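The values are calculated or read from the model by the stated rules, or taken from the named source; none is laboratory data. Predicted model, so just to flag it, every value in this text is computed and none were measured. Here the Cβ is made from the backbone with ideal geometry for all residues, glycine too, and neighbour counts use every protein chain on show. Remember, those area values only see protein heavy atoms, side chains included, never the ligands or the DNA or RNA. Shrake-Rupley method; radii C 1.70, N 1.55, O 1.52, S 1.80 Å.
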Amino acid sequence: AGAPISLRLDPASLIEVQPQAPLDNYSDEACLVYNEQVISLYEANGARVNPAPQAHAFDLNLQPQGSMPFPNIEYRITDATEPDAQGRFWAINYLYPGDLDKLQPLETQGQDALAMQYGIGPTHAQYAAVERLVQFQIDSEGIQRVDTPPLQLALVSNVTARNWEGIVMLDGRGFLLVTDLFPETLLGFVAYPP
């Protein structure tokens, strides 16, 4: 076993990123690296609260490199995988039902655009929470959603929404997900392809 790895935050290198919507406790929540740039993604990108979402780009020394368009997607984006060689990556798309008033999603009979396009699984039809993985792609025009059905996680109940906050892709196998402290710290595996 080698020496433990540690990270130190250099206060002199901090860069302030302004929130894109007037929501308390919402920020750029996900971060990924692609083509020698660090890309940060704001967590609230629904059409009503953030009509023109932007991803922020930084060089590897964290110097701002501008922004790029990000698509409107309801609920929260809480983390993203490392992009592949074509710039495709997956992100966690999550809704805690207690945030509906804050996020103000565009809904038709309780379904968002992705659910209307691809349908919803049996537990998403029963419960108000949303726990799914959505695929995106970075290119010279910005970031777009890929026309791939979301991977819907089986929900637990109408009172428990797992706040998935971390994701990594395991080559050829699927995804590892981790929650923060709600409902407790959980580590999950999602097979992909299913």
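Evaluated at 25 °C with a viscosity of 0.890 mPa s, what Stokes-Einstein diffusion coefficient in µm²/s does the range 7-102 have when Rh comes from the Kirkwood expression over alpha-carbon pairs?
Details: Rh = 14.2 Å.
It diffuses with D of about 173 µm²/s by this estimate.
Considering every pair of different Cα atoms, what Kirkwood radius, in Å, is found for the chain?
Working: mean 1/r = 0.0569 Å⁻¹.
Answer for the chain: a Kirkwood hydrodynamic radius of 17.6 Å.
I need to check one value: relative contact order of the range 1-138, counting alpha carbon pairs closer than 8 Å and at least 6 residues apart, in percent.
Value for the range 1-138: 19 percent.
Taking the solvent-accessible surface of protein heavy atoms with a 1.4 Å probe, what is the per residue accessible area of the chain in Å²?
The answer is 56 Å² per residue.
Using the charge dipole of the chain (Lys, Arg: +1 at Cβ; Asp, Glu: -1 at Cβ; taken about the Cα centre), state which of 122, 51, 25 has its Cα farthest towards the positive end.
Checking the options against the dipole of the chain, the answer is 122.
So for the range 105-194, Kirkwood radius off the Cα pairs, Stokes-Einstein at 25 °C and 0.890 mPa s: how many µm² s⁻¹?
The diffusion coefficient I find is 169 µm²/s.
Got a number for carbon plus sulfur as a percent of the chain's accessible area, 1.4 Å probe?
53
Using 10 Å bins from zero, what percent of all Cα-Cα pairs in the range 54-155 falls into each bin?
14, 44, 29, 12, 1
Over the Cα atoms of the range 10-50, each weighted equally, I'd like the Debye log10 I(q)/I(0) at q = 0.17 Å⁻¹, rounded to two decimals.
The Cα Debye sum returns log10 ratios of -0.56.
Can you tell me the FRET efficiency between residue 24 and residue 171 if r is taken as the Cβ-Cβ distance and R0 is 41 Å, rounded to the nearest 0.05?
According to the calculation, E is roughly 0.60.
Kindly state, to the nearest 0.05, the FRET efficiency for residue 101 paired with residue 14, given R0 = 41 Å and r defined as their beta-carbon distance. If you can, show how the numbers build up before the last one.
Numbers: r = 32 Å, r/R0 = 0.78.
The pair residue 101/residue 14 has a calculated efficiency of 0.80.
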